Every structure is written in structure tokens, then in C-alpha cells.
Amino acid sequence: MNIQVLGAHNCESQNSKFISLLIDDVLAIDAGGLTSSLSLTAQQKIKAILLTHHHYDHIRDIPAIAMNLFLQGTTTSIYATQSVYDALTTYLLNGKLYPNFLEQPPENPTVKFTIIKPHQTKQIEGYSILAVPVNHTDPTVGYQVTSPDGKTVFYTSDTGPGLTNCWEYVSPQLLIIEVTASNRFTEWVAGGGHLTPSLLERELAEFRELKGYLPRVIIVHMNPYMEKDIAAEVAAVAKNLSASLTLAHEGMEINL
Ligand SMILES: [Zn+2]
Ligand SMILES: [Zn+2]
């Protein structure tokens, strides 16, 4: 399994992009940095896009990629929970801001939308996909993706602390988890459904207690203004836990 980190941050600039992961060139998770990171041809190769929640930094490129596919007469499939579907169809794919690619072109709409339910494994493009609810301000799921050859990654998306329930459902070799802010903001972000390095440490300790191991950990969704502090604090967590924790960056590739 090849995982490309297309976007790893919660702010966009020439050096940082909103969150997006791409697995084996065909399966995308979240759409914050899809079109700005990929050639038109690479966008056309994406067979399915999984969305974790409806926040703008995770869905932003859906209309843009749809326009590319529409112009080429091709299609893609989007998978998300009911609440994401409701938000997308109310605010973004509603025919007002841009064409409604769920209905255009009428004979073969560009975007096929499938609603997924948490805790039910679904086969998508040969991968086993399991959506697991996490603790964010709006309904959010993380995705566990298992490839045909048994490689497994779990991406939490945006989440605050309290992941014990979530850990019960997943057993990844690689954990991609968010750390949005540095420890100085621990109290502030926990209420907003995000993690800091110290909150992450507790969640990982809980994971190890429950599962008997710790997977390799990649950190995403950093606030670029706090990244230096986050990096130093994450290094301390890695030392405390004797674990492998790495901050992601745009263009990073991970092979499982
Ligand atoms: Zn969010
Ligand atoms: Zn976010």
C-alpha cells in the first residue's frame, strides 16, 4: 500500500495544503488538497473519495475535481455518512455555487454518492473500508482501510480526546492521527474537538493498553503557526512512549 500525503495542514498557503490522503493512486480520503496537488490525469485516476466530515478544509476540492472529470466525460464515487451528504447537497453541490455534479450530466452524473454507515465494513475498489466515529465538533468518522494484501491504515480525521471506543474497532499497522495545536492550547482545543501532543500521548497510551501494541504514527492537520512547537512536543511524546511518531508533510509518501 502506497500512501501519499497531499495535504497535511489546517491552513492553506504555497507551503501548506488542507488535508488529503491518496492511497495507491486510486483511493482518496478527504478532499482539501486533491486538485492543487495532482495533475489533471492523476485526478482522473481517482476511483473513490472517502469524506470524513463536512468541514470546508476536508471537502473543498470536490467541485473542482468534479469539473475536471465532467470535462473529460468520466466519473468518480464519493462515500460519506448521511450528515456529510446532507451538508454537501445543501451548501456545496446544490446547483447554485457551481453545477450540481450529482445530477450533471443527466445521462451519467459525474459524482456518484454512496452513504456509508459507521461500524459496517464495506468493499470499495478492492479495499475493505470501515468507518469509525471519532470525537469532533460535528459528526465525523475515521476510516480504516485494508488493502487486498492485508495492509491496514487508520486515519482518524479531526478528533478530540476520548478515543477508547474507537480503538476497539481498529487494528492498524499505521495510524494517521491529527495534532492541530501545541500543548499551550490543550484546554482550548480539547473542547473544539482537536488534539495536542499531550492529549495524543494519553490516547496512544490508552491504545497500547487496550491493544497490546502501538502502530507507527503519522501526525497531520497541524496549524502551521504552531508546527515548530508541535514537532518538539511530539518528539518528547515519542521518547516517553518509545514509539515512532512523525509529522507529515505535503508530498510525503509512506509504503506499507
Ligand atoms: Zn473538522
Ligand atoms: Zn479539519
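Regarding segment 202-219, can at least one residue be identified that is in contact with an Asp or Glu (Cβ under 6 Å, 6 or more places away or on another chain) and over 22 Å from GLY7 (Cβ atoms)? No, the conditions are met nowhere in segment 202-219.
If a residue counts only when it is β-branched (Val, Ile, Thr), which strands (runs of 3 or more DSSP E) contained entirely in segment 98-188 have at least 3 such residues?
111-115, 141-146
One residue stands out among those in segment 22-34 that are away from ligand 2 (no atom under 12 Å from the Cβ), of a type outside the set (Gly, Ala, Ser) and buried (at least 22 other Cβ atoms within 10 Å of the Cβ): the one that is nearest to the chain's Cα centre (by Cα), which is ILE29. For segment 86-99, the count of residues that are surrounded by 13 or more Cβ atoms within 10 Å (Cβ to Cβ) and under 30 Å from ILE230 (Cα atoms) is zero.
A count restricted to segment 182-193 and to residues that are in contact (Cβ under 8 Å) with a residue 40 or more places away in the chain and farther than 11 Å from VAL234 by Cα stands at 4.
For first residues located in segment 69-92 and farther than 13 Å from LEU51 by Cβ, partners that are surrounded by fewer than 18 Cβ atoms within 10 Å (Cβ to Cβ) and lie 6+ apart or on another chain with Cβ distances below 7 Å form the pairs LEU69/GLN44; LEU69/THR75; PHE70/GLN104; GLN72/GLN44; THR74/GLN44; THR75/ASN108; THR75/LYS112. Scanning segment 133-158 for residues that are under 24 Å from MET1 (Cα atoms) and in contact with a His (Cβ under 7 Å, 6 or more places away or on another chain), we see that the one that is farthest from ligand 2 (Cβ to nearest atom) is SER157. Please list, ordered by residue number, the helices (runs of 4 or more DSSP H) wholly in segment 28-93 having 2 or more residues that are touching a Pro at 6+ places or on another chain (Cβ under 9 Å) and not basic (Lys, Arg). Per the criteria, 62-72, 82-87.
Within 22 Å of LEU247 (Cβ to Cβ), crowded, with 16+ Cβ neighbours inside 10 Å, without any contact (Cβ under 8 Å) to a residue 60 or more places away in the chain and among the polar types (S, T, N, Q): is that true of THR156 in this structure? Considered against the rule, which asks whether it is within 22 Å of LEU247 (Cβ to Cβ), crowded, with 16+ Cβ neighbours inside 10 Å, without any contact (Cβ under 8 Å) to a residue 60 or more places away in the chain and among the polar types (S, T, N, Q), THR156 comes out as yes.
Here segment 176-215 is the region considered, the condition is being hydrophobic (A, V, I, L, M, F, W, C) and surrounded by fewer than 16 Cβ atoms within 10 Å (Cβ to Cβ), and the residue that is nearest to ligand 2 (Cβ to nearest atom) is TRP188.
Determine, yes or no, whether ALA66 is more than 25 Å from GLY192 (Cβ to Cβ) and buried (at least 19 other Cβ atoms within 10 Å of the Cβ).
So ALA66 fits the description; yes.
Please verify whether segment 196-209 includes one or more residues that are part of a loop (DSSP other than H, G, I, E, B) and either modelled with pLDDT under 95 or within 17 Å of the chain's Cα centre (by Cα) (or both). Among the residues of segment 196-209, not one is part of a loop (DSSP other than H, G, I, E, B) and either modelled with pLDDT under 95 or within 17 Å of the chain's Cα centre (by Cα) (or both), which makes the answer no. Of all the numbered requirements in (1) modelled with pLDDT of 95 or more; (2) on the phi < 0 side of the Ramachandran plot; (3) out of contact with any Gly (no Cβ under 9 Å at 6 or more places or on another chain), GLY73 misses one, and that requirement is (2).
The values are calculated or read from the model by the stated rules, or taken from the named source; none is laboratory data. The structure displayed is predicted, hence computed values, not measured ones. Here Cβ is always computed from backbone atoms with ideal geometry, including for glycine, and neighbour counts include all displayed protein chains.
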